[in-house]
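The structure appears right after this line, and notes come after that.
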């Protein structure tokens with residue numbers, strides 16, 4: 001048995017690629033199904049689910065590079081001819097399925113990798129070359145799009161795989177020819193064939209199959225899923241001596257040892273403040289946050305659920321504080337209420353005022369347990385107790 005192909009036989013390199021790919025596919029698909037169906041109501045369940053998803057992703061990335069190497073090898077090799085080239089319909093179907101398999105082996109893991117790169121948190125890829133693809137921005141809309149594409153393309157792969165296996169079994173048990181034998185190791189007696197593959201029509205057929213699958217996915221709303229999402233509370237405008245121009249209210253959690261960053265898109269701040277006061281009481285602030293406007297990477301919907309923020313029952317959070325000027329910087333001391341749990345909170349911040357425009361930056365760390373958030377996650381290694389909150393804004397006082 002030779003390493004390279006001939007017009008009648010597959011070489012040992014091609015056979016190795018074929019059966020290695022088969023083994024990886026038959027591993028990665030069950031892993032994804034099992035991991036997706038597992039509960040994650042406790043720290044132990046979350047750790048198990050994340051472990052299986054990490055294994056799924058790692059095997060998927062492996063498939064991508066194995067498939068890429070396999071395709072590059074195939075380009076350099078003659079492809080053994082069809083055993084029944086006179087069966088035109090059957091030959092067209094077989095070649096179409098081969099195109100679907102080759103393409104899906106790249107597209108399925110690549111779409112999953114793009115989804116992984118576009119979001120943050122949950123189940124890293126186990127390899128030392130970085131988690132994220134270059135030029136892929138952190139964008140939840142993009143992540144949802146490729147999550148849907150990943151599912152659709154995976155189904156195309158499964159259908160093509162089933163057809164491929166059915167065809168091989170048909171050749172082996174019905175036609176009793178050497179189609180399957182010549183892909184196995186060893187020297188099977190195979191007839192002489194010639195490279196007579198018709199590429200264009202099967203390739204176009206495969207493109208059409210992918211297009212139909214993607215269209216069906218779009219009609220089912222698979223590219224903009226908001227399953228479990230809570231409608232964000234609409235906040236009323238507030239009267240404020242200082243009008244917020246722009247700003248961010250962000251938070252960072254630690255999940256399974258990895259930082260997951262998020263932010264609230266909708267919040268209001270009513271501010272009274274006298275920038276001329278050097279030390280002592282200098283104003284007041286009342287902040288209202290629309291909890292449902294949170295985005296938190298891959299775990300947004302979970303964070304809004306009943307065991308966490310419970311945004312459906314408690315749509316807003318409030319922070320009411322007195323502003324005090326210190327010798328160095330400022331502090332907003334008051335109370336934070338989340339889910340009807342109220343705790344004293346001090347927010348130290350820096351402030352600059354220039355030409356009537358104030359710019360502030362502040363950070364603090366909260367303990368999620370003080371607000372009964374994620375009570376089922378008792379292991380800090382699964383979900384950190386500390387939540388880092390960052391606030392920055394610019395505000396202008398009307399003249």
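Within region 261-304, can you find the residues that are in a loop (DSSP other than H, G, I, E, B) and more than 18 Å from residue 367 (Cα to Cα)? If the condition is that a residue be in a loop (DSSP other than H, G, I, E, B) and more than 18 Å from residue 367 (Cα to Cα), then 265, 266, 274, 275, 276, 277, 278, 279, 297, 299 are the ones that fit. Within region 303-314, the residues that satisfy the criterion of being touching a residue at least 60 places away in the same chain (Cβ under 8 Å) and buried (at least 20 other Cβ atoms within 10 Å of the Cβ) are 304, 308, 309, 311.
Select from region 332-347 the residues that are crowded, with 16+ Cβ neighbours inside 10 Å and in a strand (DSSP E or B) and write down the one among them that is nearest to the chain's Cα centre (by Cα). My answer is 338. Residues of region 17-42 that are closer than 17 Å to residue 299 by Cα and surrounded by fewer than 18 Cβ atoms within 10 Å (Cβ to Cβ): 36, 37, 38, 39, 41, 42. Does residue 121 satisfy being loosely packed, with under 15 Cβ neighbours inside 10 Å and at pLDDT below 90? No. Only one of the numbered conditions (1) modelled with pLDDT under 95; (2) farther than 24 Å from residue 256 by Cβ is violated by residue 72, and that is (1). For the structure I just gave you, tell me whether residue 312 is more than 35 Å from the chain's Cα centre (by Cα), at negative phi and not in a strand (DSSP E or B). In short, no.
Of all residues being within 29 Å of residue 369 (Cα to Cα) and in a loop (DSSP other than H, G, I, E, B) in region 230-260, which is modelled with the lowest pLDDT? Just the residue, please. Applying the filter and picking the extreme gives 230. Considering 280, 186, the condition of being at positive phi, surrounded by fewer than 13 Cβ atoms within 10 Å (Cβ to Cβ), more than 20 Å from the chain's Cα centre (by Cα) and at pLDDT 90 or above is satisfied by 280 alone. Per the listing 11, 60, the residue uniquely closer than 30 Å to residue 179 by Cβ and in contact with a helix residue (DSSP H, G or I) (Cβ under 7 Å, 6 or more places away or on another chain) is 60.
Screening 82, 46 for residues that are within 27 Å of residue 130 (Cβ to Cβ) and at pLDDT below 95 leaves exactly one candidate, 46. Of the residues in region 204-226, at least one is modelled with pLDDT of 95 or more, over 28 Å from the mean Cα position of the chain (by Cα) and not assigned by TED's automatic domain parsing to the domain that holds residue 308.
The values are calculated or read from the model by the stated rules, or taken from the named source; none is laboratory data. Predicted model, so just to flag it, every value in this text is computed and none were measured. Ideal geometry is used to build each Cβ from the backbone, glycine not excepted, and the neighbour counts take in all protein chains shown.
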